[in-house]
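Written below as structure tokens is the structure these notes are about.
Bear in mind that the values in this text are calculations on the coordinates, not laboratory data. Keep in mind that this is a model prediction, so the values were computed, not measured. Note that each Cβ is placed from the backbone with ideal geometry, even for glycine, and that neighbours are counted across all protein chains shown.
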Amino acid sequence: MSTAVHTRDAGGAAGPAAGHERIFEIAPPEELLYSISADGSRRFMHPVVRKGHYWHIRRRIAYALMVLFFALPLIPIGDHPAVLLDIATRRFHMFGATFHPTDNLLLAAFGFGVVVTVFFVGSTFGRVWCGFGCPQTVYLEFLFRPIEAFIEGGPTNQRRLNKEPWSAHKLAIKAAKWGTFALVAVLMATTFVAYFTGWAALAPGLLHEPAKWTGALFTIAAVTGLIVFDFGWFRDQMCTIACPYGRLQNVLSDKDTLLVAYDTARGEPRTRLHHETPGVAAGACVDCGACVAACPTGVDIRRGLQVECIGTAQCVDACDEVMRKLGRPTGLITFTSEREQQGAARRLLRPRNLVYLALMLVAWGTLGTLVFTRADALVEVVRGGREPYRVLNSGAVANQQRIRFTNQLGQRQRFDITVLSPGDATLVVSESPIVVDAEKVVTVNAVTTVPQGRFHDGQATVRYLVTSDGGYRKEIEFLLLGPYDSEGRDR
Ligand code: SF4
Ligand code: SF4
């Protein structure tokens, strides 16, 4: 067994075997968070990572997500980066398409999709999202902790260094670590801001005209501070204290939800190697503590399902390594479900999450359909002016309107609008044709005039035809207001 794996004393206290340094801690019997000592002080975690099966999967996912985060604002698709959330002009460019705040249906489908996906993933896979895909775990475990280990050494060295009195050596190491954290955080924060400004504007702006980019500089500084605080100091407390997803998980879980669990029937009574009691069948757990030492939130998974467990499977890798070294079957700690633990078959899909799955497919299907059948333009007619209508000397009734043209194409369009019916209606527009640049919005004033005889109960329907040189064509119906009787009087 690796020398980094230590044993606890027979009494079950947190102490290691004599002569070994203590590298893991078991929470006291009172139900405290593992990261908080009985006196309320912070207990820092220094997980001893085992590079097993799940660690390799998580590392691949983590690197892919990091590359994606840094690449999306850099990769051009059409005239914009793959993702550009241009709040200033209220245009959101995503993978070649441009969305506006008026895309209400899209926004609703997206929001609903996110909610039901969280429900489906949470009820089916438990906290697998936390352990495998959440940015908190991804950046902490696969970027900031590796930097820390590179500069300070492994968990044992880190603990030793922290206990040392301050010296020039300790100061240099800590400065190197926090300085590197700050550099990485600046890069992450600047990339974050680039999602809203685009690198093409941000980079020259920061380099040549920083005085004009004070808002961006302030945001970069604030986000950098938050990143360093979170990944440098706050760490596991984000998952165990602050994150609402963990609390939501309690509501979403049931007996079939996937979780990381210890096989008590096989593991107990836990017995340290060479400490077997004659005549008593020893469990498979050798009480080495490797699972606890590996846990980034300090959980002792042998105590059962706990809210602090974020599903990283680091304890699974640690225990499997121990079992392999002992020549015993792996899987003493594994992904399972409460029902499976009780001897029944695993049931990942069940009525509850099948409903979530169906809703999820509806939401994302609707979003996909809306995106792929998106019109080249949006044209909206709304009432304008201070009065609902005016009766002209000729006896005709005029309605003032405002017509908004949103060009959703990546090229300029010239729009024309004419009246289809009634045939004796006339339309005057403040400009014609209406020229709208790529992905821009133009609003024009208009007056529609209709003979008074067309009005019934104070209303008359008019139909417009909107066309563009980009191939857009749409008929729009609008309800005009007018007098209730033929003398031009209201009721
Ligand atoms: S108990 Fe295991 S799965 Fe849960 S957070 Fe700790 S190491 Fe990860
Ligand atoms: S469950 Fe596995 S890793 Fe944890 S103490 Fe027992 S043998 Fe060691």
Under a straight-distance cross-link criterion of Cα-Cα below 23 Å, which lysines are reachable from Lys325, leaving out those fewer than 8 residues away in the same chain? Lys51
Residue separation between Arg60 and Val307 times 0.36 nm, minus their alpha-carbon distance, gives in nm 86.3 nm
Aspartates and glutamates near Lys174 by alpha-carbon distance under 18 Å, same-chain residues fewer than 8 away left out - which ones? Glu148, Glu152, Glu164, Asp230
Once a ≥ b ≥ c are taken as the square roots of the eigenvalues of the Cα gyration tensor of region 220-363, is the result rounded (a/c under 1.5), prolate (a/b larger than b/c) or oblate (a/b not larger than b/c)? oblate
Summed side-chain charge close to Arg302 - residues other than Arg302 whose Cβ falls under 10 Å, Lys, Arg +1, Asp, Glu -1: -2
When the helix-only estimate is applied to the chain (DSSP H runs of n ≥ 4, each -39,500 (n - 2.57), divided by the residue count), what is the mean residue ellipticity at 222 nm, nearest 500 deg cm²/dmol? -11000 deg cm²/dmol
Quick one: compute the contact order of the chain, relative version, from alpha carbon pairs under 8 angstrom and 6+ residues apart, as a percent. 15 percent
Magnitude of the charge dipole, region 385-491, Cβ model with Lys/Arg +1 and Asp/Glu -1, debye to 20: 200 debye
Dipole moment magnitude, nearest 20 debye, region 73-230 about Cα centre, only Lys, Arg, Asp, Glu C-beta charged: 540 debye
Per the Cα gyration tensor, the chain corresponds to an equivalent ellipsoid with semi-axes, largest first in Å, of 64, 28, 18
Förster radius 25 Å - calculated FRET efficiency between Val67 and Ala222 (Cβ-Cβ, nearest 0.05): 0.50
Report the gain in length on full extension from Ala203 to Thr156: 0.36 nm times residue separation, minus Cα-Cα distance, nm rounded to one decimal. 12.8 nm
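Between Val115 and Trp233, 0.36 nm times their residue separation minus their Cα-Cα distance comes to what? Walk me through the intermediate numbers first.
On the way: separation 118, 0.36 × 118 = 42.48 nm, distance 3.03 nm.
Here the segment from Val115 to Trp233 would lengthen by 39.4 nm.
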Can you bin region 152-261 into rounded, prolate or oblate? Criterion: square roots of the alpha carbon gyration tensor eigenvalues sorted a ≥ b ≥ c, rounded for a/c under 1.5, prolate for a/b above b/c, oblate for the rest. oblate
Extreme residue, positive dipole direction of the chain, given options Leu361, Gly225, Trp55 (C-beta unit charges): Trp55
For Lys440, list the lysines whose Cα falls under 29 Å from its own Cα; do not include residues on the same chain fewer than 8 positions away. Lys212, Lys474
Arranged from highest to lowest average of other beta-carbon atoms within 10 Å per residue, in what order do the peptides 132-138, 427-433 appear? 132-138, 427-433
Length-normalised contact order of region 111-250, Cα under 8 Å, at least 6 apart, in percent, tallies to 28 percent
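Considering only the other residues whose Cβ falls under 10 Å of the Cβ of Thr334, what net charge follows from Lys and Arg at +1 and Asp and Glu at -1?
Local charge sum for Thr334: -3.
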Taking the 0 to 90 degree range and rounding to the nearest ten, how far is the long axis of helix 53-71 tilted relative to the main principal axis of the chain, both from C-alpha atoms? 30 degrees
Give me the percent relative contact order of region 377-481, please, defined on Cα pairs under 8 angstrom at least 6 residues apart. 29 percent
Near Leu354, within a Cβ-to-Cβ distance under 15 Å, what is the net charge of the other residues, with Lys and Arg +1 and Asp and Glu -1? +1
Relative to the chain, whose Cα atoms define the longest principal axis, helix 168-197 and its Cα axis are tilted in degrees, nearest 10, by 20 degrees
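Sort Met360, Met94 by Cβ crowding within 10 Å, fewest neighbours at the top. Could you put the intermediate results ahead of the total?
Working: Met360 21, Met94 16.
So the residues, fewest neighbours to most, are Met94, Met360.
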Helix 351-372 against the longest principal axis of the chain: what's the angle in degrees, Cα atoms only, rounded to the nearest 10? 40 degrees
In what sequence, highest mean first, do 290-296, 150-156, 344-350, 211-217 appear when ranked by Cβ atoms within 10 angstrom? 290-296, 150-156, 211-217, 344-350
With +1 on the Cβ of every Lys and Arg and -1 on the Cβ of every Asp and Glu, the dipole magnitude of the chain about its Cα centre, in debye rounded to the nearest 20, is 900 debye
Ranking request for peptides 245-253, 223-231: highest mean number of other beta-carbon atoms within 10 Å first, then the rest in descending order. 223-231, 245-253
